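Here's the structure, in structure tokens; my notes come after.
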Amino acid sequence: MFLFDLVPNSVVVGVILMLALKIYFDMSMGVCKSTKRLDGKTIIVTGANSGIGKETAIDLALRGGRIILACRDLEKAALAKDDIVEKSENNNIVIKKLDLASLDSVREFAADVLKNEPKLHILINNAGCALIGKKMTMDGLENQMQTNYFGHFLLTNLLIGLMIKTAELEEECTRVINVSSYANNFCKKLDLNDLNFVHDSTAGTLWAPFKIYGASKLCNILFSKELSNKLERHGKAVTVNSLHPGAVLTEFGRFSTVVTVFMRIFASFLKSPKEGAQTTIYLAVADDVANVTGQYFCDCKIAEPSKLAQDDGIAKKLWEISETIVKLEPTEKYF
Ligand SMILES: NC(=O)c1ccc[n+]([C@@H]2O[C@H](COP(=O)([O-])OP(=O)(O)OC[C@H]3O[C@@H](n4cnc5c(N)ncnc54)[C@H](OP(=O)(O)O)[C@@H]3O)[C@@H](O)[C@H]2O)c1
């Protein structure tokens, strides 16, 4: 009673509201309950050395899969591998160099996989960077767009033939999973003639990095949609889904002071990386989504992305323009 007399009512109400919100978040959090084993399956996880990607790799390693950690920094990847092997007691963990901000690196990585891996069951396009200032890569593309979207677009195109072959051999769908974000809603208009934001009117403003990040995550969903449409039209047994992992306490916001401060203040409301990996793991293993394709998930349930993300016309055009931007050769095209 004494304590309540000292603390203003507004603070008490605030604390109660925060606790209620925390309980609500915890209760609505999706958890993958599947106990499916992955012995004999090969899985690629991009950006597997930290955050959601690393937790995904640990879980899939515990299920007995052969996990390829596709990372740009080999030292960080080696540390992550040691940890994954120790936690899972699975020695079938391989590191391969992949820098998604380089089209050459993506082609080298894919060539290595096609040469050395007879099968590929699950491709998890997880790596991402967020809210770095506008920066062009060596390929002349906008960095966030190339890392989050164009790099994965090219990678998936180069590996889709192997995934189709694997599905046919195993008579079971193989799975492509694209880690997108709620931030797809930040992008209200996608300028297909300026996907690298060269002529963007908001350039240099505080909002610009958020807008570009949102666009890259919107493209992840549109790409999932168009790829799943193409695969269905060709009668191929590969599913493609995208997801929002939730707000997760990872190194994700490290390039933005605003986001880093925000994440520190609200740390107790954010998911842990293990919690944030649940929807990815669900899409990778659960039997209930074995034949589900072209959908966007959040908390292990189908969710609705922005209106723009559901536009089949834009998805088709984006695919065509992306083929030109990543210079997809006729020999590299599956469709
Ligand atoms: N955390 C969230 O709240 C949240 C919310 C929505 C969506 N997401 C999405 O979740 C995914 C995973 O993010 P996270 O939260 O786990 O962040 P994270 O801890 O920063 O992990 C990102 C991973 O991507 C890798 N990466 C970055 N640029 C790369 C490049 N050019 N080539 C290859 N790998 C690269 C990073 O490698 P380095 O260590 O070498 O940088 C790291 O392994 C991202 O796609 C992100 O957009 C996260």
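The values are calculated or read from the model by the stated rules, or taken from the named source; none is laboratory data. All figures in this text were calculated on a predicted structure; none of them were measured in a lab. Positions of Cβ are generated from backbone atoms using ideal geometry, with glycine treated the same way; all protein chains shown enter the neighbour counts. Just so you know, the surface numbers come from the protein's heavy atoms only, side chains and all, with ligands and any DNA or RNA stripped out. Shrake-Rupley method; radii C 1.70, N 1.55, O 1.52, S 1.80 Å.
What the table shows:
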read-out	value
At R0 = 51 Å, FRET efficiency that the Cβ-Cβ distance of Arg233 and Leu62 yields, to 0.05	0.90
Spatially proximal aspartates and glutamates relative to Lys119 (Cα-Cα < 14 Å; intrachain offsets below 8 disregarded)	Asp39, Glu168, Glu170, Glu171, Glu172
Accessible area (Å², per residue) of region 180-335, counting only protein heavy atoms and a probe of 1.4 Å	48 Å²
Over 21 Å between alpha carbons, listed pairs Lys22/Lys87; Lys230/Lys317; Lys97/Lys230	Lys22/Lys87; Lys97/Lys230
For the chain, built as a Gaussian network whose Cα springs stay under 10 Å, the top-fluctuating residue of Lys115, Lys87, Lys97	Lys115
Using alpha-carbon coordinates, inclination of helix 9-28 to the longest axis of the chain, degrees	30 degrees
Surrounding net charge for Lys96, when Lys and Arg each add one and Asp and Glu each subtract one, Cβ distance under 15 Å	0
Aspartates and glutamates with Cα under 14 Å of Lys188, excluding same-chain neighbours fewer than 8 positions away	Asp200, Asp311
Cα gyration tensor shape for region 89-146, rounded if a/c is under 1.5, else prolate or oblate	prolate
Share, in percent, of DSSP beta bridges within the chain that are antiparallel, nearest 5	15 percent
The chain, helix-only ellipticity at 222 nm - DSSP H runs n ≥ 4, -39,500 (n - 2.57), divided by all residues, nearest 500	-14000 deg cm²/dmol
Global geometry of region 1-132, whether rounded, prolate or oblate, following the gyration tensor of its Cα atoms and the 1.5 cut on a/c	prolate
Principal-axis tilt of helix 51-62 within the chain, Cα atoms, nearest 10 degrees	60 degrees
Protection proxy ranking, peptides 314-326, 141-153, 125-137, average beta carbon neighbours within 10 Å, highest first	141-153, 125-137, 314-326
Peptide ranges 18-31, 285-298 listed from the most packed, as the mean C-beta count within 10 angstrom indicates	285-298, 18-31
Net charge over other residues, Cβ less than 9 angstrom from the Cβ of Ala77 (K, R count +1; D, E count -1)	+3
Cut-off 10 Å between beta-carbons: net charge of the residues surrounding Ile52, Lys and Arg +1, Asp and Glu -1	+1
Angle between the chain longest axis and helix 312-325 axis [Cα atoms, degrees, rounded to 10]	60 degrees
Pairwise centroid distance, computed over Cα atoms, of region 95-173 with region 279-320, Å	18 Å
